[in-house]
Structures are given as C-alpha cells and as structure tokens.
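Have a look at the structure below, then the notes.
Any read-out appearing in this document is the output of simple, stated calculations on the displayed coordinates, not a laboratory observation. All values reported here derive from a predicted model rather than from experimental measurement. Quick reminder, even Gly has a Cβ in these numbers, built from the backbone with ideal geometry, and neighbours come from all protein chains shown.
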Amino acid sequence: MATAKKAAKKPAAKKPAAKKTAAKKPAAKKPAAKKAAPAKIAAPAKKKPAAKKTAAKRKPNAAFMKAMTPSPVLAAVVGSTPIPRTEVTKKIWDYIKKNKLQDPVNRRQINADEKLKAVFGGKGKVSMFEMTKLVSNHLK
C-alpha cells in the first residue's frame, strides 16, 4: 500500500510543476506589452502632419456669396440692399432671436409675427428647415 501512496504523490508533484510554467508565460507577456507602449507614443507624431495635409482650405461656393436683391416683403426684415443668401439667413435668425419668435418648447419651430407671415406666405408657424425654402422665393 505504501507504493500506491508514492504513486499517487508523484502525479500530484507533476501538476504543480505544470502550473509554474503556466505562471511564467504571463510574465513573459508583460515585457512585450511594455515594448509596445513606446511605439504608441511615436504613432501620434506621424498622425499630426497627416491631419494638417487633409485640412485644406475650402473655397466658398460662388452661388452662396452672390449678392441677391430681397423682395420688398423680405426687405422689411433684412434690409433692401443686395446681400448674399448666407447673410439673409443670418439676419432673419437675428430678427427671430431679437423678437423671441422661436417656439420655447419645440425650438425647431418659428412663430411668425406680421412681417415674417408675409415672408412665409401667410403661415403662422414654420420649421427652421422650411424657412430657408420660403425665404429663397423672395430673393432675385
């Protein structure tokens, strides 16, 4: 029976030896991770010049910058001098914010006053996306 106990002890002794080799493998991976970290630091330096190359200056579209003459109805809000479409939109938004015509609950809706009702074709409420469509009818 003593030999049976010794035989049982030997496999048990081999199992912890296998665990020790498994424990050594993760230790070997840690230095590899440290070596990868300096490579990451160098990588962003390469990205910065690439970002500068892609950020080329955009040229404005000539159609947006062309001075348009507003109709007499629109001139009551933005003025009668010829101005580009972009400036017309800015001036209308300034008028809307100055007179607090933006709906407080749904901020995409504009509650038109008497001047804007004429521009919006008699509509009392207009969405901000529909507004630009309606305003473009008043530019020549």
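Electrostatic bookkeeping for Tyr95 treats Lys and Arg as +1 and Asp and Glu as -1; over the other residues with beta carbon under 11 Å from its beta carbon, the sum is +4. What net charge do the residues around Ala67 carry, taking every other residue with its C-beta under 11 Å from that of Ala67, with Lys and Arg at +1 and Asp and Glu at -1? Residues close to Ala67 contribute a combined charge of +2.
Annotation: amide H-H contacts under 5 Å for Ile83 (H modelled 1.01 Å from N, sequence separation of 5 or more, or interchain): Met68. Between the alpha-carbon centres of region 59-81 and region 118-140 there is a gap of 14 Å. This model, with +1 at the C-beta of Lys and Arg and -1 at the C-beta of Asp and Glu, gives region 55-140 a dipole about its Cα centre of some 360 debye. At a Förster radius of 22 Å, what calculated FRET efficiency corresponds to the Cβ-Cβ distance of Ala62 and Lys91, to the nearest 0.05? The formula returns an efficiency of 0.60 here. Rounded to the nearest 0.05, the FRET efficiency derived from the C-beta distance between Asn111 and Lys133 at R0 = 22 Å is 0.80.
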